[in-house]
Amino acid sequence: MKSPVRVAITGAAGQISYSLIFRIAAGDMLGPDQPVVLQLLEITPAMGALNGVVMELNDCAFPLVAGIVATDDPNVAFKDADFAILVGARPRGPGMERSDLLQANAAIFSVQGKAMNAHANRNIKVLIVGNPANTNALITLKNAPDLNPRNITSMMRLDHNRSLSQIAAKVGSHCTKVEKMVVWGNHSATQFPDISHATVDGKPVVDLVDNDWYVKEFIPVVQQRGAAIIKARGASSAASAASAAIDHMRSWALGSSGQWVSMGVYSAGNSYGIDEDIMYALPITCENGEWQEIKGLAVSDFARGMMTATEQELVSERDAIAHLL
Ligand code: NAX
């Protein structure tokens, strides 16, 4: 058995965390031989609910749980953390403008970035899930100047997984047979799920589906999937979001075995001409605890238009909180 690693999770009493924490505790994220110390952060009014989560974790008697910390202090939650999944965020309230939402979250993520900068393991791997995830990740990164910007990422894996499952259903295959999927840009309705490079059982997806389905069905379905879940379930995606967070961290920490994944990463030095100061989802492979951008993919005029639209949205989100960076 390895020595324990510390995993910080924010928004720990919320609905995504109710799935996420238990799956991490069961070994789904870092493997069945990796004990974890769970460092759970909530806001003060939610500490009672968090205590209930801790009681249930104890009642599971998980062999891999080496310790549990429950706190409302980010400095405690991120102390020596090896991994952090930032789920807690301010939801949009009635009458709240998008810029208000960005600012309210900027306040949360700047505090948490500073706390990680001061207290976390220097090699911490950070995933931001709370929305607007990409811009929240940018704020975190700017407030953690002593951490490697490559170690701060935002979640696009749910969009990636949604794409795999839509393609598999369309062509009558299984999502494990779908490879080389790319989702570019922002985790929002402007994201670009791009099938140009994707294959099923090695055959190009573009040869298996017609362009009308791709443009008029697939792209909007993936872009609007979050809203469709809310309509059907009366609550936003939770178990699937937790599962995507597990997939993202597992690929990053343990490797993606040559498979392409989509991750929101800091865009500095990207090879696609994207603005270099945003968190933008790119095609990625992971090996030895590091991610690498897949460079030099062909970009059609259609793809370039879609990539630029989502880039522009991220630039405008950054502009809205520029005075806080
Ligand atoms: P919930 O409202 O159930 O839980 C959020 C929790 O965060 C609450 O318990 C709240 O008390 C806590 N919280 C708020 N501010 C905090 C702070 N400063 N420090 C610590 N905890 C804090 O939301 P849930 O359904 O779990 O969703 C969480 C976030 O994930 C939302 O922002 C949501 O929009 C986002 N999502 C992101 C996805 C992605 O793919 N990137 C997909 C799923 C999800 O929509």
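Placing dummy labels 7 Å off each Cα toward the beta-carbon, the span from A228 to D146 is 4.6 nm. For the chain, complete DSSP H runs whose alpha carbons reach 15 Å or more along their own long axis and whose mean Kyte-Doolittle score is 0.5 or higher are 15-25, 47-60.
The stretch 166-223 and the stretch 239-280 have their alpha-carbon centroids 17 Å apart. Just so you know, the Cα atoms of the stretch 233-325 work out to an Rg and Dmax of 15.3, 42 Å. Taking a Cβ cut-off of under 13 Å around G11, the surrounding Lys, Arg, Asp and Glu residues balance to a net charge of -1, with basic ones at +1 and acidic ones at -1. For the pair S271 and H174 in one chain, pulling the backbone fully straight at 0.36 nm per residue adds 31.8 nm over the alpha carbon distance. The alpha carbons of the stretch 187-275 occupy a box of 39, 34, 32 Å along the principal axes, longest dimension given first. Each listed q (0.14 Å⁻¹) maps to a log10 I(q)/I(0) for the stretch 5-154 from the Debye sum over equal C-alpha point scatterers, namely -0.63. Using just its DSSP H runs of length 4 or more, each adding -39500 (n - 2.57), the chain gives a mean residue ellipticity at 222 nm of -12000 deg cm²/dmol after division by all residues. Taking N as the residue count of the stretch 156-321, its C-alpha radius of gyration divided by 2.2 N^0.38 Å amounts to 1.00.
Lys-Lys pairs in the stretch 156-321 that are eight or more residues apart or on separate chains and whose Cα atoms lie under 15 Å of each other come to 5.
The Cβ shell under 12 Å around P193 holds other residues with a net charge of -1, Lys and Arg each +1, Asp and Glu each -1.
Kirkwood's formula applied to the C-alpha pairs of the stretch 143-186 gives a hydrodynamic radius of 12.4 angstrom. Loop-located trypsin sites (Lys or Arg not before Pro) in the stretch 1-41 (DSSP state not H, G, I, E or B) with no more than 16 neighbouring Cβ atoms inside 10 Å: K2. Pairs of alpha carbons in the stretch 8-71 separated by more than 16 Å make up 37% of all such pairs. Just so you know, the Rg over Rh for the chain is 0.95, from Cα atoms, with Rh as the Kirkwood radius. Between D33 and K216, the distance separating the two model label sites (each 7 Å from Cα on the Cα→Cβ line) works out to 5.4 nm. Reducing the stretch 1-27 and the stretch 60-136 to their Cα centroids gives an inter-centroid distance of 13 Å.
Values in this text are rule-based calculations from the coordinates and carry no lab data. This one's a predicted model, so the numbers in the text were calculated from it and none came from an experiment. As a convention, Cβ positions derive from the backbone with ideal geometry for all residues, glycine included, and neighbour counts pool all protein chains shown.
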